2 protein chains.
Amino acid sequence: MSLTLYGYWRSSASYRLRIALNLKSVAYDQKPVDLKEGEQRRPEHRDIHPQGFVPALADDQGVLIQSPAILEWIEETWPEPALLPSDLRERARVRAYAAVVGCDIHPIQNLSVLQHVKSEYGQDAEGVQAWARHWITRGLTALEAMAQADDRGGPYLWGASPTLADIYLVPQLYNARRFGVDVEAFPALSKADEAARAHPAFVTAAPESQPDAPEDGH
Amino acid sequence: MSLTLYGYWRSSASYRLRIALNLKSVAYDQKPVDLKEGEQRRPEHRDIHPQGFVPALADDQGVLIQSPAILEWIEETWPEPALLPSDLRERARVRAYAAVVGCDIHPIQNLSVLQHVKSEYGQDAEGVQAWARHWITRGLTALEAMAQADDRGGPYLWGASPTLADIYLVPQLYNARRFGVDVEAFPALSKADEAARAHPAFVTAAPESQPDAPEDGH
């Protein structure tokens, strides 16, 4: 099966999929979609992803959309190494980390929301950043409390090996830094993030290492 | 196992859990948390849900948070009747419906975001409603296109029996109506919503039937 990932180097949902596929040692080609140039709104891309979003993952049977759904599909299609614990309550807890990022933080600081805040409410760059920082800080505060309450002994969020929780955490902290959030204020998260970013699957998935990343990484 | 659902009658994430538990014929007690009175921010509730949100689902082993995670836990704990198809690609597609609602619509029109739009950008009731309608309309447009492309013959979104897709759809259309979105503009969604709302599991889960709903249902 040949996989093609339609993504963007700094899209955090694309980043999640790259990490997951790398952790599973599943090969994929990349077709970058330049969000800065609006390529996601072109008819060619809408044929792939009707919402005009990234990421989408295509194989010979069709196209999958929505990173939370695709991550579960990856886990079900290639069960090893597992991205979720086997215990049902632990699975629910790891998925709760994913949902705090995937529902309560990322969608509210996503590009389309920021553009709307700018155009509808006349916010300048600093106003838009303040909006993003507000929601990121609120969400990371919740995640940090969860990580401290759970404390599995590290190095990753859920213990000895990376899980879905780390797959959501690392791209979200990447975004947090972009928007000027002090991630050191979240020590349990920073520590897990640092450990994960040293893992080869995360290194290869890093935004600055993607084919469409600009040379200066910004 | 005795289950307690901490929720609010018109919280759509609480509504999702009620539907899922009802579909599985799993009994649960309800502990309403009055979001209008700010009960979710009180220390007693933060002991249950550190984010100060609803819903939370408690049993004798602890508390689960985040409705996407809890729904998967319900599915894994009580596999029948299944809320997801057995085919892996179909599962990914049904979960994509859930994610469009759970990530791309609901979090952006959630109460805390609306309150922030009001306080930060001086929006009045109409301005706040316009914000909500914008994101709901955008998301429902995507969902309608998906439903029309998939057309499984009804009556539910994914065919003959309710799935996770309906569990997310019905509470989101309830919200859409609250904010003045014309749901008839989305014929495939409206049709599936009407069928689902006639199902006993959905009837019992309806906001106006909950113990904390006001007598006039508003």
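The values are calculated or read from the model by the stated rules, or taken from the named source; none is laboratory data. Remember, it's a predicted structure, so these values are computed and weren't measured experimentally. In this analysis, Cβ positions are derived from the backbone assuming ideal geometry, glycine residues included, and neighbour counts consider all displayed protein chains.
The rows are residues; the columns are (1) in the same structural domain as B:Leu173 (by TED's automatic domain parsing); (2) surrounded by 24 or more Cβ atoms within 10 Å (Cβ to Cβ).
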{"site": "B:His45", "(1), (2)": "no, no"}
{"site": "B:Asp59", "(1), (2)": "no, no"}
{"site": "B:Gln66", "(1), (2)": "no, yes"}
{"site": "B:Val117", "(1), (2)": "yes, no"}
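Residues in segment B:101-115 that are in contact (Cβ under 8 Å) with a residue 60 or more places away in the chain and surrounded by 22 or more Cβ atoms within 10 Å (Cβ to Cβ): how many?
5
So A:Asn175 ticks every box in (1) within 14 Å of another protein chain (Cβ to nearest Cβ); (2) closer than 17 Å to B:Ile108 by Cβ but one. Which box is left unticked?
(1)
Among the residues of segment B:116-129, write down those that are of a type in the set (D, E, K, R) and either more than 10 Å from every other protein chain (Cβ to nearest Cβ) or in contact (Cβ under 8 Å) with a residue 60 or more places away in the chain (or both).
Matches in segment B:116-129: B:Lys118, B:Asp124, B:Glu126.
Hey, any hits in segment B:137-156 for a residue that's touching a residue at least 40 places away in the same chain (Cβ under 8 Å), among the aliphatic types (A, V, I, L, M) and more than 12 Å from chain A (Cβ to nearest Cβ)?
Within segment B:137-156 (the criterion being touching a residue at least 40 places away in the same chain (Cβ under 8 Å), among the aliphatic types (A, V, I, L, M) and more than 12 Å from chain A (Cβ to nearest Cβ)), the answer is no, since none of the residues qualifies.
So B:Gln172 clears everything in (1) more than 21 Å from B:Ala98 (Cβ to Cβ); (2) in contact with a His (Cβ under 7 Å, 6 or more places away or on another chain); (3) polar (S, T, N, Q) except one condition, right? Which one?
(1)
Taking A:Phe186 as meeting all but one of (1) touching an Asp or Glu at 6+ places or on another chain (Cβ under 6 Å); (2) under 21 Å from A:Glu80 (Cα atoms), write down the number of the exception.
(2)
Tally time: how many residues in segment A:121-140 are loosely packed, with under 15 Cβ neighbours inside 10 Å and touching a helix residue (DSSP H, G or I) at 6+ places or on another chain (Cβ under 9 Å)?
Looking only at that region, the number is 3.
Given the conditions (1) in contact (Cβ under 8 Å) with a residue 60 or more places away in the chain; (2) not assigned by TED's automatic domain parsing to the domain that holds A:Leu169, report the number of the one that A:Phe53 does not fulfil.
(1)
Answer yes or no: is there a residue in segment B:124-132 that is touching a strand residue (DSSP E or B) at 6+ places or on another chain (Cβ under 6 Å) and under 27 Å from B:Ala69 (Cβ atoms).
No - not one qualifying residue is present in segment B:124-132.
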